[in-house]
Amino acid sequence: MRELDTHMPPMSVLTTTVGKEDDARRIASTAVRDRLAACVQVERIASHYVWQGTQCEDEEWRLVFKTLPTGMFALLRWLRAQHPYDLPQILVREEQASREYAAWVEDRLKV
């Protein structure tokens with residue numbers, strides 16, 4: 001069995017939600033096509049929140065973008081221009097990835 005790789009390069013993960021499946025598919029597809037993200041996962045979710053004083057429960061689509069820290073600024077700028085919400089949820093976290101996966105992500109990006 002191969003030994004575990006102790007050096008795991010940084011990876012940036014951006015998460016947002018949209019209210020329509022068509023928007024989710026368009027945003028995900030365009031981000032990958034334009035090499036702003038190596039991959040985008042789209043999941044159907046139920047969101048519970050309070051908006052303008054009203055408690056809401058809505059179906060949304062969560063998008064999870066995989067990129068490198070060096071590509072995050074371009075992805076953020078692009079997503080803010082594309083996002084259909086007035087106040088989008090945009091969450092960014094840094095994680096570590098296997099060398100092989102990080103190399104694949106780097107190869108897929110414009111960075």
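The values are calculated or read from the model by the stated rules, or taken from the named source; none is laboratory data. Just so it is clear, the structure is predicted and the values come from calculations on it, not from any experiment. Cβ placement follows ideal geometry from the backbone for every residue including glycine, while neighbour counts extend to all protein chains displayed.
Of all residue pairs spaced 6 or more apart or on separate chains, those with beta-carbon atoms under 6 Å, a first member in the stretch 69-80 that is touching a residue at least 40 places away in the same chain (Cβ under 8 Å) and a second member that is surrounded by 13 or more Cβ atoms within 10 Å (Cβ to Cβ) are PRO69/SER12; THR70/VAL111; GLY71/LEU109; GLY71/VAL111; MET72/SER12; LEU75/LEU36; LEU75/THR67; TRP78/LEU36.
Could you tell me whether any residue of the stretch 27-39 is among the basic types (Lys, Arg), over 19 Å from GLN89 (Cβ atoms) and either modelled with pLDDT of 95 or more or touching a strand residue (DSSP E or B) at 6+ places or on another chain (Cβ under 6 Å) (or both)?
Just the residues of the stretch 27-39 that are among the basic types (Lys, Arg), to begin with: 33, 35.
Remaining after also requiring over 19 Å from GLN89 (Cβ atoms): 33, 35.
Then drop every residue that is not either modelled with pLDDT of 95 or more or touching a strand residue (DSSP E or B) at 6+ places or on another chain (Cβ under 6 Å) (or both), which leaves 33, 35.
Yes, because at least one residue in the stretch 27-39 is among the basic types (Lys, Arg), over 19 Å from GLN89 (Cβ atoms) and either modelled with pLDDT of 95 or more or touching a strand residue (DSSP E or B) at 6+ places or on another chain (Cβ under 6 Å) (or both).
Which residues, taken from the stretch 51-80, are among the aliphatic types (A, V, I, L, M) and over 19 Å from LYS20 (Cα atoms)?
From the stretch 51-80, those among the aliphatic types (A, V, I, L, M) are 63-64, 68, 72, 74-76, 79; that's our starting set.
Result: LEU68, MET72, ALA74, LEU75, LEU76.
Going by the structure shown, is TRP78 farther than 23 Å from LYS110 by Cα, surrounded by 15 or more Cβ atoms within 10 Å (Cβ to Cβ) and in contact with a helix residue (DSSP H, G or I) (Cβ under 8 Å, 6 or more places away or on another chain)?
Values: farther than 23 Å from LYS110 by Cα: no; surrounded by 15 or more Cβ atoms within 10 Å (Cβ to Cβ): yes; in contact with a helix residue (DSSP H, G or I) (Cβ under 8 Å, 6 or more places away or on another chain): yes.
Against the criterion (farther than 23 Å from LYS110 by Cα, surrounded by 15 or more Cβ atoms within 10 Å (Cβ to Cβ) and in contact with a helix residue (DSSP H, G or I) (Cβ under 8 Å, 6 or more places away or on another chain)), TRP78 does not qualify.
Can ARG93 be described as at positive phi and in contact (Cβ under 8 Å) with a residue 60 or more places away in the chain?
On the way: at positive phi: no; in contact (Cβ under 8 Å) with a residue 60 or more places away in the chain: yes.
So ARG93 does not fit the description; no.
Filtering the stretch 7-47 to residues that are in a loop (DSSP other than H, G, I, E, B) and over 19 Å from LEU76 (Cβ atoms) leaves HIS7, MET8, PRO9, GLY19, LYS20. Tallying residues that are surrounded by 14 or more Cβ atoms within 10 Å (Cβ to Cβ), over 16 Å from GLY71 (Cα atoms) and touching a residue at least 24 places away in the same chain (Cβ under 8 Å) within the stretch 27-46 yields 1. Among the criteria (1) surrounded by 13 or more Cβ atoms within 10 Å (Cβ to Cβ); (2) part of a strand (DSSP E or B), the one VAL50 does not fulfil is (1).
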